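Below you'll find the structure, written out as structure tokens, and then a few comments.
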Amino acid sequence: VKLLRVDASIRTDGSTSRSLADAAERAWTAAHPDAEVVRRDLGAHPLPSLWLDACAAAGVPDTDRTLAQRRGVALAGELVDELLEADAYVLAVPLYNFGVPQQVKQWIDLIICDPRANDVNVPLLPGRPALLLQARGGSYAPGTPRAGWDHATPYLRRILEDVWGLDVVVIDAELTAAQLNPAMADLRGIAEESAGRAHAAAADHAARIVERVLAGAASS
Ligand SMILES: Cc1cc2nc3c(=O)[nH]c(=O)nc-3n(C[C@H](O)[C@H](O)[C@H](O)COP(=O)(O)O)c2cc1C
């Protein structure tokens, strides 16, 4: 069984989303030591900007495509192959500027360029399990001054659940900026609780997902 882990933080040290994904990965491999983990690190290795070329290639015969169009089409195909070859998914995504990191948008847009993924009525990954692990510096919970400013969660749910058909569990660590920002010092206790809960939930759900995938593999 294969887990695809996608990271997106531009930080490699001190990243909460990466540490949540580490907790999930540890639980996954502890539950099934032979399980394979494939990694796509969009933060450390952003995808090349080939989305426009991949889109422009649609309808152009292969022999007439530019080199960039062929590279874009090949990359979109590789990303879709990677998704289809996995049994479960861990996506670790920080909130940047009230939305998804642009490297995550680029990944999603390239995937949707591939002919296997561009019909919104035909989900690419129906019923497969996924963990969406999110980290954000602040909090946009109901009742907070900027409630509703988190545009990443609704967008990612729309794509992962409604477009790709994944069965998604969302786990959030909020107020991560409290550790560094003196103006948020009062919120450190709440931030630590949020991180602790998120780590425990990431490990717990990862272990459940591996059981579910193994049970499915055994019955098919
Ligand atoms: C470029 C940039 C933009 C950010 N924008 C937001 C934001 O709009 N809202 C927010 O709550 N936190 C924001 N943050 C804080 C991050 O969401 C927070 O540091 C989070 O923990 C990042 O994930 P990581 O710990 O995995 O690196 C931003 C951070 C960076 C670097």
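The values are calculated or read from the model by the stated rules, or taken from the named source; none is laboratory data. Keep in mind that what you see is a predicted model, and the values were worked out from it rather than measured. Reconstructed Cβ throughout: ideal geometry from the backbone, glycine too, with neighbour counts over all protein chains shown.
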Note to self: Checking the conditions here, which among Ala130, Ala135, Ala152 is among the small types (Gly, Ala, Ser), more than 16 Å from the ligand (Cβ to nearest atom), touching a residue at least 40 places away in the same chain (Cβ under 8 Å) and over 21 Å from Ala74 (Cα atoms)?
What the structure shows: Ala130
Note to self: Can you list residue pairs whose Cβ atoms sit under 6 Å apart, with the first residue in region 87-104 being under 19 Å from Trp164 (Cβ atoms) and among the acidic types (Asp, Glu) and the second being more than 12 Å from the ligand (Cβ to nearest atom) and not in a strand (DSSP E or B)? Count only pairs 6 or more apart in sequence or on different chains.
What the structure shows: Asp87/Val1; Asp87/Val213
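Residue check: is Leu124 at pLDDT 95 or above and buried (at least 21 other Cβ atoms within 10 Å of the Cβ)? Before the answer, list the steps.
Working: at pLDDT 95 or above: yes; buried (at least 21 other Cβ atoms within 10 Å of the Cβ): no.
In short, no.
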Check: When you look at Ala27, is it away from the ligand (no atom under 16 Å from the Cβ), in contact (Cβ under 8 Å) with a residue 40 or more places away in the chain, more than 16 Å from the chain's Cα centre (by Cα) and part of a loop (DSSP other than H, G, I, E, B), yes or no?
Finding: no
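Going by the structure shown, is Asp150 in a strand (DSSP E or B), acidic (Asp, Glu) and buried (at least 20 other Cβ atoms within 10 Å of the Cβ)?
Values: in a strand (DSSP E or B): no; acidic (Asp, Glu): yes; buried (at least 20 other Cβ atoms within 10 Å of the Cβ): yes.
It is false that Asp150 is in a strand (DSSP E or B), acidic (Asp, Glu) and buried (at least 20 other Cβ atoms within 10 Å of the Cβ).
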Item checked: Subset of region 39-71 [in contact with a Ser or Thr (Cβ under 9 Å, 6 or more places away or on another chain) and small (Gly, Ala, Ser)] -> Gly43, Ala44, Ala56, Ala57
Item checked: Residue among Leu187, Leu175, Leu180, Leu91 that alone is within 18 Å of Arg40 (Cα to Cα) and either more than 18 Å from the chain's Cα centre (by Cα) or modelled with pLDDT of 95 or more (or both) -> Leu91
Notebook entry, point to check: If you go through region 155-207 one residue at a time, how many are surrounded by 14 or more Cβ atoms within 10 Å (Cβ to Cβ), without any contact (Cβ under 8 Å) to a residue 12 or more places away in the chain and closer than 27 Å to Val122 by Cα?
Noted result: 1
